[in-house]
Amino acid sequence: MMMRRALALFALLIATLGVTAQAREVSTRTWTDAAGVVWTETTTVETENDGADRLVGSAAPAMPGIARFGPFVVLDGRHAALVDATDGASPARFAAMLRAYPGIQVLEMVDCPGTLDDNANLRLGRMIRARAIATEVPPGGSVRSGAVELFLAGADRHAAPDADFGVHAWEDDAGRGPGDYPANAPVNRAYVDYYRAMGMSEAQAAAFYALTNSAPNARVRWLHTSDIARFVAID
């Protein structure tokens with residue numbers, strides 16, 4: 001199974017490895033989104049000695065939704081939010097949510113750590129696109145790891161200029177990554193083909209896949225909305 005581990009777990013990993021951080025900053029913020037839902041988020045940011053890495057662990061926002069389906073919370077008849085890492089059960093839970101609330105048109109992405117099952121995550125992304133659901137990242141939003149693929153799935157994509165997107169390479173159960181397979185191996189083509197299905201050209205898809213793999217699985221490369229907009233349209 002291919003995995004892009006949820007980046008919210010990185011702070012725990014660093015503590016386990018005994019890496020000393022130079023600084024830690026804890027902040028709490030509360031805001032109201034376009035649907036009138038009040039969010040509260042607590043964020044801890046740690047910087048390593050060399051200052052090169054940004055490791056973020058976030059508490060799940062308080063979600064006063066009307067229903068919960070795995071990592072999805074239904075906010076109202078038109079809006080749902082992704083609030084946790086996806087896994088192998090997420091496509092079925094997404095389908096169940098849409099059966100119960102067929103009017104959902106927007107998937108909000110405020111603090112999305114990633115996925116524990118990339119194969120299921122790519123299926124989920126295709127389901128989002130097939131239902132013509134829009135994806136939206138509000139001001140201060142953070143979309144990380146496999147959740148970036150889900151943002152790309154939006155039929156329309158909206159992201160605040162200050163939104164953060166964290167990317168890194170996948171890793172399978174044997175510890176192998178993209179570079180351990182030929183470029184045209186099915187395991188690598190799966191991502192390029194997915195990006196093509198989300199509207200990228202072959203060249204754009206290959207370049208974006210290379211960008212995500214520019215950071216190893218144990219690290220993260222941070223991008224901004226303007227970086228993602230080089231590859232897909234963002235409103």
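What follows is calculated from the coordinates using simple rules that are stated; it is not laboratory data. Please read these numbers as outputs of a predicted model, since none were measured by experiment. Quick reminder, even Gly has a Cβ in these numbers, built from the backbone with ideal geometry, and neighbours come from all protein chains shown.
Once the chain from residue 184 to residue 99 is taken as fully extended at 0.36 nm per residue, the excess over their C-alpha distance is 26.9 nm. What is the list of residues in the range 105-139 whose amide nitrogen lies under 16 Å from a point 7 angstrom out from the Cα of residue 155, following Cα to Cβ? Under 16 Å, as judged by backbone N against the label point of residue 155, lie 105-108, 125-136 of the range 105-139. For residue 111, the amide hydrogen comes within under 5 Å of the amide hydrogens of 142, counting only partners 5 or more places away or on other chains and with H modelled in the peptide plane. Derived scalar couplings between HN and Hα for the range 222-235 equal 9, 10, 10, 3, 5, 5, 5, 5, 5, 10, 9, 6, 10, 7 Hz in order, rounded to whole Hz, by the Karplus curve 6.51 cos²θ - 1.76 cosθ + 1.60 (θ = phi - 60°), x for Gly and Pro.
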